[in-house]
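K.L.:
Provided herewith is a single structure, encoded as structure tokens, for subsequent inquiry.
Bear in mind that the values in this text are calculations on the coordinates, not laboratory data. Remember, predicted model here, so these are calculated numbers, not experimental data. FYI the Cβ positions are ideal-geometry reconstructions off the backbone, even for glycines, and counts take in every protein chain you see.
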Amino acid sequence: MKENNFTTLYYFMNEEVVLVEIEFTTVSGDKLIQWFKITENLSTIDKLNYKSQDSQNINGNNINVRVFEDAELRFDNDFGKFQHGENGYIVMKRPIQDMPHELSDKLSQLVKAL
């Protein structure tokens, strides 16, 4: 049985929450995209149900927008604003290589379960 492989596309974090977008290949060979919201201590992991994406130019800045079933993320090259239900978070866009190994291992386990 072939194991799922994944690539992290985006990694955002602050002291409370981590947001990750991954692209993974299923056992049948399909490529899928999935976003996760993870509490900083890895105790809670929520799959975000993706609905749409857009790009907007606001005051000369290119702002990427991801809309989920009950959340929205707006981000540029450095920072993002994540609104999930009644909770809002300012998050930093981080280089993928800065992701802690513990988080990467957890994502690997999640992808295998998908």
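K.L.:
Looking at this model, which pairs from 37/106; 37/81; 51/106 are more than 18 angstrom apart at the alpha-carbon?
P.N.:
51/106
K.L.:
Quick one: grab Rg to one decimal and Dmax as a whole number for the chain, Cα atoms only, in Å.
P.N.:
When restricted to the Cα atoms of the chain, Rg and Dmax are 14.3, 50 Å.
K.L.:
For helix 101-113, what angle does its Cα long axis make with the longest principal axis of the chain, in degrees from 0 to 90 and rounded to 10?
P.N.:
Tilt of helix 101-113: around 60 degrees.
K.L.:
Any idea what the dipole of the chain comes to, in debye rounded to 20, about its Cα centre with Lys/Arg Cβ at +1 and Asp/Glu Cβ at -1?
P.N.:
300 debye
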